[in-house]
1. Six or more apart or on different chains, Cβ under 6 Å: which pairs go from a residue in the range A:180-196 that's in contact (Cβ under 8 Å) with a residue 12 or more places away in the chain and more than 9 Å from every other protein chain (Cβ to nearest Cβ) to one that's crowded, with 17+ Cβ neighbours inside 10 Å and of a type in the set (Val, Ile, Thr)? Could you list them?
2. Please work out which one of (1) farther than 30 Å from B:Thr492 by Cα; (2) touching a residue at least 12 places away in the same chain (Cβ under 8 Å); (3) more than 9 Å from chain B (Cβ to nearest Cβ) is the condition A:Glu413 fails and give its number.
3. What's the number of the only condition in (1) facing another protein chain (nearest Cβ under 7 Å); (2) closer than 15 Å to A:Leu177 by Cα that A:Asp520 fails to meet?
4. Which helices (runs of 4 or more DSSP H) sit wholly inside the range B:223-328 and have at least 3 residues that are closer than 30 Å to B:Glu413 by Cβ, within 14 Å of chain A (Cβ to nearest Cβ) and of a type outside the set (Phe, Trp, Tyr)?
5. For the range B:366-386, indicate whether the set of residues that are assigned to a helix (DSSP H, G or I), within 10 Å of another protein chain (Cβ to nearest Cβ) and not basic (Lys, Arg) is non-empty.
6. Those residues that are more than 14 Å from every other protein chain (Cβ to nearest Cβ) and within 23 Å of the chain's Cα centre (by Cα), I need them from the range B:387-408; list them, please.
7. Could you tell me whether any residue of the range B:339-349 is assigned to a helix (DSSP H, G or I), within 11 Å of chain A (Cβ to nearest Cβ), touching a residue at least 40 places away in the same chain (Cβ under 8 Å) and in contact with a helix residue (DSSP H, G or I) (Cβ under 8 Å, 6 or more places away or on another chain)?
Number of protein chains: 2
Amino acid sequence: MSAIPEDFVRKTAQLSADITQPFPKSRKIYVSGSRSDVRVPMREISQAETHTSDGVEINPPITVYDTSGPYSDPEVEIDLLAGLPALRSPWIEERSDTEQLAGPTSAFGQKRAADPELAKLRFEHIRAPRRAKAGSNVSQMHYARRGIITPEMEFIAIRENCRLQELRNDPRYAALLRQHRGESMGAQIPDEITPEFVRDEVARGRAIIPANINHPELEPMIIGRNFRVKINTNIGNSAVTSSIEEEVEKLVWSCRWGGDTLMDLSTGKNIHETREWILRNSPVPIGTVPIYQALEKVDGKAEDLTWELFKDTLIEQAEQGVDYFTIHAGVLLRYVPLTAERVTGIVSRGGSIMAKWCLAHHEENFLYTHFEEICEIMKAYDVSFSLGDGLRPGSIADANDAAQFAELETLGELTKIAWEHDVQVMIEGPGHIPLHWVKENVDKELVDCFEAPFYTLGPLVTDIAPGYDHITSGIGAANIGWYGTAMLCYVTPKEHLGLPNKADVREGIITYKISAHAADLAKGFPGAQLRDNALSKARFEFRWEDQFNLGLDPERAREFHDETLPKDSHKVAHFCSMCGPHFCSMKITQDVRDYAKAQQGMQEKAIEFRKGGAKIYREV
Amino acid sequence: MSAIPEDFVRKTAQLSADITQPFPKSRKIYVSGSRSDVRVPMREISQAETHTSDGVEINPPITVYDTSGPYSDPEVEIDLLAGLPALRSPWIEERSDTEQLAGPTSAFGQKRAADPELAKLRFEHIRAPRRAKAGSNVSQMHYARRGIITPEMEFIAIRENCRLQELRNDPRYAALLRQHRGESMGAQIPDEITPEFVRDEVARGRAIIPANINHPELEPMIIGRNFRVKINTNIGNSAVTSSIEEEVEKLVWSCRWGGDTLMDLSTGKNIHETREWILRNSPVPIGTVPIYQALEKVDGKAEDLTWELFKDTLIEQAEQGVDYFTIHAGVLLRYVPLTAERVTGIVSRGGSIMAKWCLAHHEENFLYTHFEEICEIMKAYDVSFSLGDGLRPGSIADANDAAQFAELETLGELTKIAWEHDVQVMIEGPGHIPLHWVKENVDKELVDCFEAPFYTLGPLVTDIAPGYDHITSGIGAANIGWYGTAMLCYVTPKEHLGLPNKADVREGIITYKISAHAADLAKGFPGAQLRDNALSKARFEFRWEDQFNLGLDPERAREFHDETLPKDSHKVAHFCSMCGPHFCSMKITQDVRDYAKAQQGMQEKAIEFRKGGAKIYREV
């Protein structure tokens, strides 16, 4: 990591305007639940009227799922130095199964807290961590299995529905709500997501709610195949580039464009402090790969890793509020030789660290042998497992091979153990997979891991396009999402080549929002087609502004349009630059429609005449 | 269209360097056929050696399919004013079934040729057109059905194979040629594409060779589900932007990045002259939508169109050398009302023109009623049909509806008629289709149209991402290609918003090369995985230059890499900016592999010792 910038604090206190300004014609709304502190944020996009020869038609506002957090609410004063409001704190406290600790209990956490050198870098308002009371289990799965519907579950139910029940009763939405029957591929999505359905899905392990009790700032969300397909983004510094303040800006940027969760993959020496900044300012669940930090602590020597050091790292991060941990507990010693003949060996960083450790000690992976102890930590803070796919294929050549599937079976075995502890689990997946082998991955995961939510990177469906791997993987992601994957880990255009900048992150997120939404449409998620219908209607009616505003990236759409037709008058013009003013298929179609209507009118008149006994028109 | 630029001729005579410079480490090669004038161009990418602890390993050059034409051959002197060499002229002449006409026979072609005003704009070396002798049929399908293997067919067989048989006999390629078994979805792809196989596929209508006898400059290619999936690009001016010289540059640009065919969709008043420039400089087949020009001739009034005027347009364009015509003969009068309740009506320009004509006259589509006469023209020049999908859906809401499928059935009926004339046919398809309904489109087309090659636009799998429709459609394209579509019509990021510029065209093409290649991999096209394997091996071995050069867009890959690590030394470095120098999974994996090898070495030594009677090592 680069040195601490001199002006660090001042800079992070001010987010760039392009990161927080509301999208055009969008306003933040909150839908209340059964209690006043369940206020679920959504974004409402207003539309212009349609003017036709028949008069004026109202186009109702469109409500969309909103991951941007308080940053897009002009009513909320953002202070990065103070962090976001802790909206879940009352819910956690009233469950009375946690206690506030005096301070961090991990050795490393204590050391960092005591280091005066770090004062300048440190987030100023660190809360003392909470932990389950002795003997308690504070996981959402534990509550769910005892029949308790938590405020988190109710929040999620409202969020997933996106006001669909309300809109169904509003005649303005009747046509817009038409939707094709989906092909769910075995998913069982109800017509309305109820809090009880959320509870039931979490109880049976088919969905998870990543929500560490030490991350009360987050707006609860759910990952499961019977819910909207989610996307994850990654940020992280590295030894070569980036700094803490960039990471916080990237977090807000990621939420703005639609990232549902975020993994902090930093590997520098101040990652503890970076993480605190990120967590305190994050409205979305944060995941990490704790082995990265553990490796830092032993100066990058994998063979020097120990269970004790790793355990301390888990506690350190759990007490900061990390919501899910990637744990590569399925990389077993006996699987490592299965990768020797691969074209690209082991490409997962965590996987290769553990493989190296196993070989160096000729011992079984300590994450596997200490798995039950890890579960004890997870349930004390409600950290969810993201069981890592350390042996995922790094090339088309290595797809669906013995190493990959052997690990997957072990992840299933570990899922069962975690569930015995009521600890939430999702399963990580590929990688690089040719298109025709994508489905096998999901089918096998659902069987081997008992329908625990699948969380996949891509997959890339070809290796031949470095610089475009958001696309090679977005194709795989749409398919794997349709087949049943619950969350898609994004890939940016810089994959395999370098660290993504802001533009790359935006490009990667939008690509994955497309893939996730395409999957929702294919599965037939209730209400998913509303936005498509509204946008297409706007497009057909030449409501250019509405077409931009209803899209995933209104700014880009407007920019592209304005490159050819910059004038404001062009945005109400009934033509676009593709065909020019005298030749437009949409205009012609409108003429056809008017003509058809007139024809029908004549037919109706003919029928009326006949009814009255007259026989002026002959029926064709 | 904008006025003729003053410096038109001078400018088009000089192509920009970025359009013609060879890709790094690439050289043009020609593979000869059974006769000396069958010389099939390919691109060969050389690779660096791999240096390991065991010594030096040679990485053999990789041959790839090449659409760039003579432009990428430094040995060929390009003169846009003279046009490309007419490589097919001897083949056409020696068949002795055509005659050279005195000049254009269409009224419009004659008028343009005689207009002195156009001298400045006109291509200088216009050949008199050829036409089939009376009673002759010069279509490739006609030859195929009579058992004749044309030089075009042999050229294509060599091209599709990309030297695979030769490489299979070269031990350097043994590992690189490993490939997964595909899931062909009913395609019947042989292990080697022979000239006889090409002939047979063309004869039975399952593939087409678009190759007008008046376009002898083209390098023959084939469109069919048992061959590599192809992509088409579109160019075209419009009343608002662009000019002729831009169009010619776009053509060369399109070929450079991998466009297999190109549709000229120009709609301005000098399209006849633009088209001549494009054809004379095009190494790829050119398609048009003749109704666009016909509409220009009646000042944009669809109802004024007549069969006679349209027929003259067909002859005009056929005599210039257009290789395939989109003909919207399936838009029947009775289908038009089926679109009235759609969200986006009729979005095909050709479709809406014909619908308007049908309604205005209350008569059947004249393209349908005169279809046999159109066939007569097609077979006199060997123009292929691209039967247009005038009623394709313009939104997810309108997908797979009665209008779309009714038209498809009529296209099947027309296919049969065309085949009775030995005229080549492909079928155009959607549009906007949700992911789970994509396959139905292919399945229905294969049945209704008797396996005539399917040629689809996208489909876009969601409507909500204006500005990213290359991606929404690239997802659909990969899937529809896998299911059996033979050619994918590209979509640029500007779709729905404006005219694509050079950057957009490149982005659209690369996206579609990805989709087409993903489909080839999924179908198991022989040798398709070679490039993936080579690139992944290069990636794993930190051969950065090779990784860039083997990719679809070497320039972009290099740029992205250099943004973070600009120094030359970094391109031989065993790390990248994602993880930094001390932490790299690929490096660790290499360590693991070395370790595993050492372990195995010890085991082997143990075996040797045992063989020799010694018992130093115990077996585990």
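The values are calculated or read from the model by the stated rules, or taken from the named source; none is laboratory data. These figures come from a predicted structure and were not determined experimentally. Cβ sites come from the backbone with ideal geometry, for glycine too, and all protein chains shown count toward neighbours.
1. Matching pairs, first to second residue: A:Pro195/A:Ile149.
2. So the condition that A:Glu413 fails would be (2).
3. Single failed check for A:Asp520: (1).
4. Values: elements: B:244-257, B:271-280, B:290-297, B:307-320.
Correct list: B:290-297.
5. Step one: of the range B:366-386, the residues assigned to a helix (DSSP H, G or I) are B:366-369, B:371-381.
With within 10 Å of another protein chain (Cβ to nearest Cβ) added as a condition, the list becomes none.
No, the range B:366-386 contains no residue that is assigned to a helix (DSSP H, G or I), within 10 Å of another protein chain (Cβ to nearest Cβ) and not basic (Lys, Arg).
6. Correct list: B:Leu387, B:Leu408.
7. Within the range B:339-349, the subset assigned to a helix (DSSP H, G or I) is B:339, B:349.
Then keep just the ones that are within 11 Å of chain A (Cβ to nearest Cβ); that gives B:339, B:349.
With touching a residue at least 40 places away in the same chain (Cβ under 8 Å) added as a condition, the list becomes B:339, B:349.
Cutting the leftovers down to in contact with a helix residue (DSSP H, G or I) (Cβ under 8 Å, 6 or more places away or on another chain) gives us B:339, B:349.
Yes: one or more hits.
Table: residues versus (1) in contact with a Ser or Thr (Cβ under 7 Å, 6 or more places away or on another chain); (2) modelled with pLDDT under 70.
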site	(1), (2)
A:Leu521	yes, no
A:Gly524	yes, no
A:Arg531	no, no
A:Ala538	no, no
A:Asp591	no, yes
